[in-house]
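Report on the structure given below.
The values are calculated or read from the model by the stated rules, or taken from the named source; none is laboratory data. The model shown is predicted, which means the values in this text are computed figures rather than measured ones. Ideal geometry is used to build each Cβ from the backbone, glycine not excepted, and the neighbour counts take in all protein chains shown. Side chains are part of the model used for accessible areas, which takes the heavy atoms of the whole protein and leaves out ligands, DNA and RNA. Shrake-Rupley method; radii C 1.70, N 1.55, O 1.52, S 1.80 Å.
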Amino acid sequence: MTGSFGAGPLPPSADVVVIGGGVVGCAIARELSRFDLSVVLIERSPDVATGTSKANSGILHAGFDAEPGTWKARLNVRGAALYAELAEGLGIPRKATGALVVAKDATQMETVAELRHRGIDNGVAGLEIWNRDQVVAHEPNISPDVAGALWAPSGAVVCPFLATVGFAENAIRNGAHIVTECAVIGLDVADRQIVAVRTTRGRLATRFVVNAAGLHSGEVARLAGDDSFTITPRRGEYILFDRSVGQLVNTVLFPTPDKVSKGILVSPTVHGNVFIGPDAIDIDDPDDKETTAGGLAGIIAGARRIVPALPLGTAITEFAGLRAAAGKDFVIGPSLAARGLVHAAGIQSPGLTSAPAIGEVIVEMLQDVGLRLKRKAGFVPVNPEKPRFHEVDRMTQAELVATDPLFGRVICRCETITEAEIVAAIQSPCGARTVDGVKRRVRAGAGRCQGGFCGPRVTAILARELGIPVTAVRKDSADSWLFLSRAELEAGEGAHA
Amino acid sequence: MREFSYDVAIIGGGPAGLAAALAAREAGAERVLILERDRELGGILQQCIHNGFGLRRFEEELTGPGYAHRYIDLVKATDIDVWLDTTVLAAEPGGVITSVSPHAGLTVVRAKSVVYAMGCRERTRGAIRTPGSRPAGVFTAGAAQRMVNMEGYLPGREVVIVGSGDIGLIMARRMTFEGAKVKAVFEIMPHSNGLTRNIVQCLEDFGIPLYLGHSVTAIHGKDRVSGVTVSKVNDKLEVIEGTAFDVDCDCVLLSVGLIPENELGRAAGLGLDPITGGARVDQFRQTSIPGFFAAGNVLHVHDLVDWVSEEAAIAGRSAARHARGELVASGRQRSVTAGEGLRTVVPQCLSAFEPGKMSVRFYFRAAKPMGASLLQFWADGALAFERKLRVVKPSEMIVADIPVRKIGDAATLEFRVLPAPEKIDAEDEIEEEA
Ligand SMILES: Cc1cc2nc3c(=O)[nH]c(=O)nc-3n(C[C@H](O)[C@H](O)[C@H](O)COP(=O)(O)OP(=O)(O)OC[C@H]3O[C@@H](n4cnc5c(N)ncnc54)[C@H](O)[C@@H]3O)c2cc1C
Ligand SMILES: Cc1cc2nc3c(=O)[nH]c(=O)nc-3n(C[C@H](O)[C@H](O)[C@H](O)COP(=O)(O)OP(=O)(O)OC[C@H]3O[C@@H](n4cnc5c(N)ncnc54)[C@H](O)[C@@H]3O)c2cc1C
């Protein structure tokens, strides 16, 4: 009953097609895989979690930000609760750090008090106003001019890649098919009813389509003649610091928010690093993820207002993520232009948090527009545990090597990731196909040398496990080749061009 | 978990580990072990197929593997144990080493003395915060070198090199030999970080331009690198507005510095020198953890392997003496400081001298390039020793032997480098290998 993953052939038809393999699309596919349905998710990249879902703050927001009554408010709180239930079984690393919204003066103290009330309206539990001493006792490195803070104990951090992969893998285990390197280029509508999806790899007959195409969800809607919303890419840049400074902060630290965004934060990651960011700049190109000198300088200045002594010398990488902004709220609901098309679009923050809850409401909406749902008997709600060598005690490590000698070969020295874990990440039902795919799943190359040491080794393992030449191994996107053979170099522009 | 006992255990089987093992065995340590993560000995030398190793040590020009094999053959002729494909996971004070390998599983070694010889790692793009996108085609020069020289694959066709460290310079020549076009080397500092001989032999001989005082301010490209933006910088290393230009390329190689690989030491609470990034050691190369020694690139980054072997021999001999209980902690340690004109000095402190010891060898890195200079040794605030240097470059280590009688029992010891009042023709004592 297992489904499939990869750039294989497109099935001729499906009960439901989900467009987009971000955290939202994958959570929807997983929710759909509870039912007796053929589900096909179409993703244009070689892997899931390559869009907005790979570059964000990784925070499970408590839910005090959103205006009561919005989708954001409702789905955030429900989503955060679902993660608490699901994360472990799906292999999604999650850490309940709590969050603080830091106020610097009396006006800001008023704002955080308002946030507390809003949070209570949204159903967020445990919110407290802390005074200066409480904040400093909890966060010794915080700026000395702090006046107080809002404490949200249900704030948490999560691994956004493994969240996406965890949902995707579970969907596949329950029969869903994820077809990668396949872009949707048309939606066939007859009598105002969706009848097929056209892709770069052929046509797929279906009567139900979920638009979870992230930054491209506006374009996808227009393929069905629906121009009810447009997406503006809004960029946020980050700097990530080494795990050696992981003790810098204990909780997610937000400044008191302004109108535009939640501001520059300083936050731990679930893997023990610390990051600063993001800023919020509207841009034109939905694929432009360049970081800028000005942007990085701006987030450094912003973060210093919360934690003055930033360990800039321990920065290990910088990156940018793009929010798919479509107005104030998420665009969730059936299209008015084409029956059978349901949008899960414009999913900005807190979209990562909301994803499993979005899955639930989208399934209800599909039912409302005519999809027949019958629960499957053999639904398996969890993924088998994948041992992480560096996280277990010595005795367990010894047992692991005894069962599989490849646990005895450390490939990524920064994060102590063994060959067995990398092979498992490639051979899993939602297995890595690229060097960055391995990194997102098991963190080989995510440490302080950023793959400088293990990159070539991971490339060789991918080639071996996938049965492809080294020159066919890619970094991330479809055309991101890494190495040439000597013959290709001599042949000139033709190969790999 | 199986357990073993050794007199001296050496972590890392590069040139430092090999020389330390041989010296320890020669100095009488009975049971000596090398633990090496890779599937062969030799360390980084195995990927350095160019010439230029061993001029000092063997008085001939060897390739990296050639130099390594001299030592590997010597080790093989002894009863030193070598565990390959074995990664050390932890080395705790008291000499308890936990390692793992596919064939032997998890293993504990109890050693009377431990030598750190784990080498160094390359600084990356993140460390220098180069903005832009994150396409394929950006590699550290050492990783690219390994791919080209050991696996036979090339990282790109049109190459820009960021930073003028030796590995970048060597790779500029290698990529040219392979048929790629190396467009330029960009160095942010007003001087190069590479050896002069590498600038001449790897760039000038092939007409590859070296831009000093230029910073790569952005990397572009979506799938694969498509180019970089470069600007001139002022003397504060700030970008000068209006000087930006673009260079098309499909590959960026980074040669922006090396950092000692001290994860194990840090986990064990090792006292580190913030400037070298390595341990603080005394003249025996003993670290702040009794019975733990360090040598080679894990201690401070070397440009010449010959010095690595020499330094490691000191560490190996000392480790053997410690294993026999002959190198007792001397109590009073005096610290040595790098003063004016210098960035680093190793050793950073002195323990009591061995009887009969005539001189102590110190290694320095200069803070900035200078012409003819004087290396001065100040003991308790008084000038005690002076040596002439023809030229001073941060990229080339300064080595000096200071007579024990000049050090005496002074409490404060400081080195300085100052411009020489007159031109210097020949250098006394040690020749610098440029
Ligand atoms: C800077 C930043 C910080 C954030 N921080 C947080 C946070 O801390 N907490 C939180 O809860 N949320 C956060 N978010 C929001 C969260 O990251 C997003 O809401 C979430 O990742 C959106 O997921 P998605 O699946 O909708 O989009 P994506 O992950 O972008 O997935 C869309 C997918 O659709 C594919 N696609 C597009 N067009 C086509 C096509 N035509 N055919 C086939 N495939 C197609 C794309 O390749 C992509 O993989 C943040 C966002 C940003 C940008
Ligand atoms: C690219 C390059 C070019 C150079 N060119 C020249 C030149 O032309 N001439 C010259 O004289 N010198 C040159 N050098 C300098 C010289 O090669 C180095 O200084 C020397 O190799 C350093 O030796 P080492 O033993 O300290 O480190 P390495 O050679 O790096 O050896 C360290 C060893 O430790 C092992 N190790 C690390 N951690 C662990 C662990 N946890 N468990 C087990 N094993 C571990 C590693 O696998 C490695 O084999 C060059 C260096 C480089 C990098």
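Values for this structure:
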| read-out | value |
| --- | --- |
| Tilt relative to chain B, helix B:166-177 - C-alpha long axis, 0 to 90 degrees, to 10 | 50 |
| Heavy atoms of A:Asp242: accessible area, 1.4 Å probe, square angstrom to 10 | 10 |
| Summed side-chain charge close to B:Glu178 - residues other than B:Glu178 whose Cβ falls under 12 Å, Lys, Arg +1, Asp, Glu -1 | +3 |
| Qualifying chymotrypsin sites (Phe, Trp or Tyr not before Pro) for region B:64-130 [loop in DSSP, other Cβ within 10 Å: at most 10] | none |
| Three principal axis lengths of region B:101-236 [C-alpha, angstrom, descending] | 54, 34, 30 |
| Neighbouring partner chain Cβ atoms per residue of A:475-482, average, 10 Å criterion | 6 |
| Loop-located trypsin sites (Lys or Arg not before Pro) in region A:153-227 whose Cβ has at most 10 other Cβ within 10 Å (DSSP) | none |
| Shape of region A:390-491, Cα gyration tensor, a/c cut at 1.5 | prolate |
| Loop sites in region B:310-346: trypsin sites (Lys or Arg not before Pro), DSSP, at most 13 other Cβ within 10 Å | B:Arg332 |
| Above-threshold pairs, the threshold being 21 Å between Cα atoms, out of A:Lys95/B:Lys222; A:Lys54/A:Lys262; A:Lys289/A:Lys475 | A:Lys95/B:Lys222 |
| Shape box of region B:332-434 [Cα atoms, principal axes, largest first, Å] | 38, 23, 23 |
| Choice from B:Asp205, B:Asp282, B:Asp303 showing the highest fluctuation, given a GNM over chain B with Cα pairs closer than 10 Å | B:Asp205 |
| Highest-MSF residue in chain B out of B:Phe415, B:Phe362, B:Phe206 [GNM, Cα springs under 10 Å] | B:Phe206 |
| Partner chain coverage, peptide A:447-459 - average Cβ within 10 angstrom | 5 |
| Gain upon complete extension [A:Ala487, A:Asp258; 0.36 nm per residue less C-alpha separation] | 76.8 nm |
| Cys residues of the protein assembly as shown counted as unpaired, since no other Cys beta-carbon is under 4.7 Å | A:Cys26, A:Cys159, A:Cys182, A:Cys414, A:Cys430, A:Cys449, B:Cys48, B:Cys120, B:Cys202, B:Cys249, B:Cys251, B:Cys349 |
| Helix-derived mean residue ellipticity, 222 nm - over chain B, DSSP H n ≥ 4, -39500 (n - 2.57), to 500 | -5000 deg cm²/dmol |
| Radius of gyration and maximum dimension Dmax of the protein assembly as shown, Cα, Å | 29.8, 101 |
| Gain on full stretching of the segment that runs from A:Glu85 to A:Leu373 - 0.36 nm per residue minus C-alpha separation | 101.3 nm |
| R0 of 51 Å, Cβ-Cβ distance B:Glu40-A:Thr111: FRET efficiency to nearest 0.05 | 0.25 |
| At R0 = 51 Å, FRET efficiency that the Cβ-Cβ distance of B:Phe177 and B:Ile275 yields, to 0.05 | 0.90 |
| Global form of chain B, assessed from the alpha-carbon gyration tensor, a/c cut-off 1.5 | oblate |
| Size of the B/A contact, given as accessible area buried on both chains, probe 1.4 Å, in Å² | 4400 |
| Among the listed pairs B:Lys112/B:Lys368; B:Lys112/B:Lys393; B:Lys76/B:Lys393; B:Lys236/B:Lys388; B:Lys232/B:Lys388; A:Lys328/A:Lys374, those beyond 32 Å (Cα-Cα) | B:Lys112/B:Lys368; B:Lys112/B:Lys393; B:Lys76/B:Lys393; B:Lys232/B:Lys388; A:Lys328/A:Lys374 |
| For chain A: rounded, prolate or oblate by the Cα gyration tensor [a/c cutoff 1.5] | oblate |
| Average accessible area per residue (Å²) across the protein assembly as shown - probe 1.4 Å, nucleic acids and ligands excluded | 38 |
| Extension gain, A:Ala125 back to A:Val195 (0.36 nm per residue minus Cα-Cα distance, nm) | 20.7 nm |
| Chain B: most fluctuating residue of B:Asp73, B:Asp250, B:Asp401 per GNM, C-alpha cutoff 10 Å | B:Asp73 |
